[in-house]
Amino acid sequence: MNIQNNFMEVTFKALSINESFARICVSGFCIQLNPTVDKINDIKTAVSEAVTNCVVHAYPKHNGMVVLRCEIEGDCVKIKISDKGVGIKDINRAREPFFTTKPDDERSGMGFSVMESFMDKVEVEKNDDKGITVTMYKKLNNCKVQVGNA
């Protein structure tokens, strides 16, 4: 199957109710690649974690916006989830298992670990102005784009 390069982008409020909306958007978009149910579930789980991070951490005092961009290149999917919130002081520390800035809210600190376990590659970057962008890659079918750690 030769799929043309394609993308979609949606913007929504950083509300917990929109986490399921993001999952549906990404899974509906990726269906054109005819992925397995397991791969779609992996993607949906990782998207849930990234969006939840925006809702819980990026905007602690107000509701901001989340931008979800999904790109298909060949048989690979690249998902970017961005916010313009408060950012992360130490990205490396935040990516450590069990690290949380909200222990009183019963947060497990496993968000990035979950994303990394379900996707082939996860990048976390500070935006130029404010906030964070999480970029996740998943190989579907016979991906020819390198998304591994090489």
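Taken together, the values in this text are just the output of simple stated rules run on the coordinates, not laboratory data. Bear in mind that the values here come from a model prediction, so they are computed numbers and not experimental data. Ideal geometry is used to build each Cβ from the backbone, glycine not excepted, and the neighbour counts take in all protein chains shown.
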Any chance you could list the semi-axes, whole Å, largest first, of the equivalent ellipsoid that the Cα gyration tensor gives for the stretch 1-40, using √(5λ)? 23, 14, 5
Starting at the first residue of the stretch 70-85, write each ³J(HN,Hα) from the Karplus equation 6.51 cos²θ - 1.76 cosθ + 1.60 with θ = phi - 60°, in whole Hz, x for Gly and Pro. 10, 10, 10, 10, x, 10, 10, 10, 10, 10, 10, 10, 10, 9, 10, x
Pulled fully out, how much extra length does the chain show between residue 63 and residue 141, if you take 0.36 nm times their separation in residues and subtract their Cα-Cα distance? 24.3 nm
Write out the trypsin sites (Lys or Arg not before Pro) in the stretch 37-74 meeting two conditions: DSSP loop, and at most 12 other Cβ atoms within 10 Å of their Cβ. 61
Compute the length gained on full extension between residue 125 and residue 37: take 0.36 nm times their separation in residues and subtract their Cα-Cα distance, giving the result in nm to one decimal. 28.7 nm
Residue by residue through the stretch 55-63, the couplings from Karplus 6.51 cos²θ - 1.76 cosθ + 1.60 with θ = phi - 60°, in Hz, x for Gly and Pro, are 5, 7, 9, 6, 10, x, 10, 7, 8
Excluding same-chain pairs closer than 8 in sequence, count the lysine pairs in the stretch 1-82 whose Cα atoms lie under 15 Å apart. 4
